[in-house]
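Worksheet: one structure, shown below.
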Amino acid sequence: MPAPGTTPRVRAPELVGRGWLNTDGRSVALADLRGRWVLLDFWTFCCINCLHVIDELRPVEEKWAQELVVIGVHSPKFVHEADPDALAAAVERYEVTHPVLDDPDLVTWQAYTARAWPTLVLIDPEGYVVAQYAGEGHAHAIDALLTDRLGTPGGNAPTAAPTARVAGTADTADTVLRFPAEVLALPSGNLLVADAGAHRLTELTPDAGTVVRRIGTGERGFTDGGPEQARFSEPNGLCALPDDLAAAVGYDLVVADTVNHALRGVRLADGTVTTLAGDGEQWRPGDGPARLSSPWAVAWWQDRVWVAMAGIHQLWTLDPRTGTVAAAAGTTNEGLVDGPADEAWFAQTSGLAADGDRLWLADSEVSALRWIDADGTVGTAVGTGLFEFGFRDGPAAQALLQHPLGVTALPDGSVAVCDTYNHAVRRYEPRTATVTTLADDLEEPSGATVVGDLLLVVESTAHRITALPLGGAGRAVDGFAHTTQRPVTELAAGSVDLRVTFTPPPGQKVDDRFGPATQLVVSATPAALLRSGEGRSTDLRRALELDPAVGDGVLHVAARAASCDAPDASGEVPEGAACHVHQQDWGIPVRVVPDGPARLDLPLSG
């Protein structure tokens, strides 16, 4: 029994799922890892925040390689993500080398009471849970905790069995492209491909059959220079500048260099690459425009380069003449809210297409086709929210998409949507507000461009470009409708006490010298679920009033806290001291029941 006044230790539940990746087919039990620290990373491959965590954990994995085992627990949001082949492709695409548990039925997710993607759980060498983290940005906290417990890495050999051996990923070395993301037709007639999985740009002949040249070494990195020196990290977006502007600024194309959190310029004459914005580090709340967050798509519109800043759910702009980068739309809250640009909510915008006075958007996490007009008004053509998706044609109000990544304006005024997780290209007709299907036998289409009477489509997981004829009408598909199935949290009718608990990492403290260090934003879908308690405040505790007549819905909670490195025992601030912002958004399915709990606790760990 624990001593009076202490918190009982929680034994980590076993890892249960459909199978394992990166283990040579072997299952991994927690008993196999006894003597090591274990970090579970609950992720799903659609989620940009989850992809951020994979990248930010790489240095921690390398530093604590002898003491720490990282295990990915893939708990899917979308139907497509439950496909084992799709998961295997994602593990290869994102260069995940640690073991991954395939958890399609969310068994292990529920056992660890995860509420959001991503969630991290740290388990000590005796098999007990010692910390849980929601969201991204916790690598420094995990490193600090391990340093506090273990001192320096490399001197703490495990006392039990090591992790399962990591197997190699599938061989795509014989393909011309590797997980390509976007294609652009060049003035020469050739095609330029954002070859994301190969960390470079690839120029092809007009038939997409022969490589003309490569720009970038093909190794992940962040280096400017000529085509044999430059390095990218998963470039996803391309756009061309007007000829006169390109001549003035010295580059022809802008590239969304996603994992470098940067915009790069490319001069076509010699393939020279320069950095236009971003320093390789991800933007965090409080940073200025010198840093970006996973720019995914770029488009020339309204005399600017518009940027889909997928990592923070905003649209930004770049003025090539001055180099000025600024936020143009979105609040950084994730969701589907229309209206004025500075009040709209986006959800991992991943595709842009300019068409006159309108910029079309593929808003992937809300499975939506949206737009922003020249006056700054944001609207939605197809899509309803974060957890509703499917494959259905017909009137736009009833039509459904599944995580679209690309959008292309067509010559007849309609819009083609790369409906990625439905393996389809859909057409939206603005004049009739209807949706039809052009093709549904593709492999994760992610981008497209028009060349003559053809639509050239990037099939990302097939590593190729496919031509579709634009003539003729699309066909109607009535496939399926789906709502993301996650455990529902039952809450009491009437008053509910919401508490977000923030614990700074070891060696840090909450810093409120310059004002409140915390922020809480609460809303609901449907809005009527909350009789009161919605809105923004600096207190991490909020009294909510839930309407029993509404019954079911989703609580949207966004919390933020700041902490700074604390002085040491002598009162000296350590060299290189820094402040850190911790942020998490939760979308919590809830059900109002008469005898439900009147308190909801959410951890915001540092």
(request) Pull the list of the chain cysteines that no other Cys approaches to under 4.7 Å, Cβ to Cβ. (result) 46, 239, 418
(message) Show me, for the range 551-562, the HN-Hα J-couplings you get by feeding each phi into the Karplus relation (A = 6.51, B = -1.76, C = 1.60, θ = phi - 60°), rounded to Hz, glycine and proline as x.
(response) x, 10, x, 10, 8, 9, 10, 10, 10, 9, 8, 10
(request) Go through 434, 493, 411 and say which Cα lies farthest out towards the positive end of the charge dipole of the range 408-503; charges sit on Cβ, +1 for Lys and Arg, -1 for Asp and Glu. (result) 493
(request) Rank 504, 532, 522 by how far each Cα sits towards the positive end of the charge dipole of the range 467-545 (+1 on Lys, Arg Cβ; -1 on Asp, Glu Cβ) and give me just the farthest. (result) 504
(request) Starting from the range 249-332, pick out the trypsin sites (Lys or Arg not before Pro) whose DSSP state is loop and whose Cβ has at most 14 other Cβ atoms within 10 Å. (result) 321
(message) So if I place +1 on the C-beta of Lys and Arg and -1 on the C-beta of Asp and Glu, and nothing else carries charge, what would the dipole magnitude of the range 1-170 be about its Cα centre? I want it in debye, nearest 20.
(response) 440
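Quick one: putting +1 on the C-beta of Lys and Arg, -1 on the C-beta of Asp and Glu, what dipole do you get for the range 488-606 around its Cα centre, in Debye to the nearest 20? Walk me through the numbers on the way to the answer.
On the way: 10 positive and 16 negative charges, 54 e Å.
Dipole size: approximately 260 debye.
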(message) Less than 13 Å Cβ to Cβ from residue 494, Lys/Arg counted +1 and Asp/Glu -1: what total charge do the surrounding residues give?
(response) -2
(message) Sort 407-414, 554-561 by the packing proxy (mean of other Cβ within 10 Å over each peptide's residues), most packed first.
(response) 554-561, 407-414
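Grab the other residues whose beta carbon is less than 13 angstrom from that of residue 592, score K and R as +1, D and E as -1, and report the net.
Values: positive: 531, 591; negative: 490, 545, 547, 552, 595.
With Lys, Arg at +1 and Asp, Glu at -1, the net is -3.
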(message) Output wanted: per-residue J couplings in Hz (rounded whole) for the range 489-502, from phi through Karplus 6.51 cos²θ - 1.76 cosθ + 1.60, θ = phi - 60°, x for Gly and Pro.
(response) 8, 7, 9, 6, 5, x, 7, 10, 8, 8, 10, 9, 9, 10
(message) About the Cα centre, and with charges only on the beta carbon of Lys, Arg (+1) and Asp, Glu (-1), how big is the dipole of the chain? Nearest 20 debye, please.
(response) 840
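Here, each number is a calculation from the coordinates, and none is a lab measurement. All values reported here derive from a predicted model rather than from experimental measurement. Neighbour counts are summed over all protein chains in view; Cβ atoms, including those assigned to glycine, are modelled from backbone coordinates with ideal geometry.
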